[in-house]
Amino acid sequence: MDLICSGTLTREIIGKKLNLQPNEIETIEQYLIDGGIITIKDDEWIPKTIILTSDDEVPLQRLNSLTEEIIVESMQNQLSLLEEEYKGTTSEKHGVPFEEALTDIWHDIFSEIIRIFIAEGDMVPMYENEGCAYSNFIWKKKIIEFPF
């Protein structure tokens, strides 16, 4: 039994797939809405959180490798230019290593991309914990049966 499916996902489909009563479906639905995981449009459950399954693991690893190759190649070409531009900045004057500044810039860029997704309604807002912001996603390794 697999809850993740292509096409539309409605209360009726969820009820059939999980053999749930309407009040049980409503409870789950409200929990998912309150958690920012789904929204409802025309009775369809629309994911607001990235949902990854074990089937996504290999393609994601390959995508990660390709992305890293592209970034590393690009950065190697631009690194000396960036290091030159970094010289004389306030961060450099205060002893912040170039690599650390670069990491901060990467996080700023990533955060801005996430903010765009949120503003467009394609992703739920990030949550903060101890001064760090995190984006939401669900990694579904296996289906867990509901105990009711």
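The values are calculated or read from the model by the stated rules, or taken from the named source; none is laboratory data. Since the structure is predicted, the reported quantities are computational estimates derived from the model, not experimental observations. Ideal geometry is used to build each Cβ from the backbone, glycine not excepted, and the neighbour counts take in all protein chains shown.
Can you tell me which residues in the stretch 19-54 are among the aliphatic types (A, V, I, L, M), surrounded by 15 or more Cβ atoms within 10 Å (Cβ to Cβ) and more than 21 Å from residue 114 (Cα to Cα)?
The answer is 20, 25, 28.
Would you check if there is a residue in the stretch 25-48 being farther than 30 Å from residue 99 by Cβ, polar (S, T, N, Q) and in contact (Cβ under 8 Å) with a residue 24 or more places away in the chain?
No.
Exactly one of these conditions fails for residue 36: (1) modelled with pLDDT under 80; (2) outside any loop (DSSP other than H, G, I, E, B); (3) out of contact with any helix residue (DSSP H, G or I) (no Cβ under 9 Å at 6 or more places or on another chain). Give me its number.
With respect to (1) modelled with pLDDT under 80; (2) outside any loop (DSSP other than H, G, I, E, B); (3) out of contact with any helix residue (DSSP H, G or I) (no Cβ under 9 Å at 6 or more places or on another chain), residue 36 is out only on (2).
If you scan the stretch 40-96, which residues turn out to be of a type in the set (Lys, Arg) and either assigned to a loop (DSSP other than H, G, I, E, B) or closer than 30 Å to residue 121 by Cα (or both)?
Selection gives 41, 48, 62, 87.
Filtering the stretch 55-100 down to residues that are over 28 Å from the mean Cα position of the chain (by Cα) and among the acidic types (Asp, Glu), which residue is surrounded by the fewest Cβ atoms within 10 Å (Cβ to Cβ)?
84
Counting just the residues of the stretch 101-148 that are at pLDDT below 70 and of a type in the set (Asp, Glu), which one comes out surrounded by the fewest Cβ atoms within 10 Å (Cβ to Cβ)?
Going through the qualifying residues, I end up with 145.
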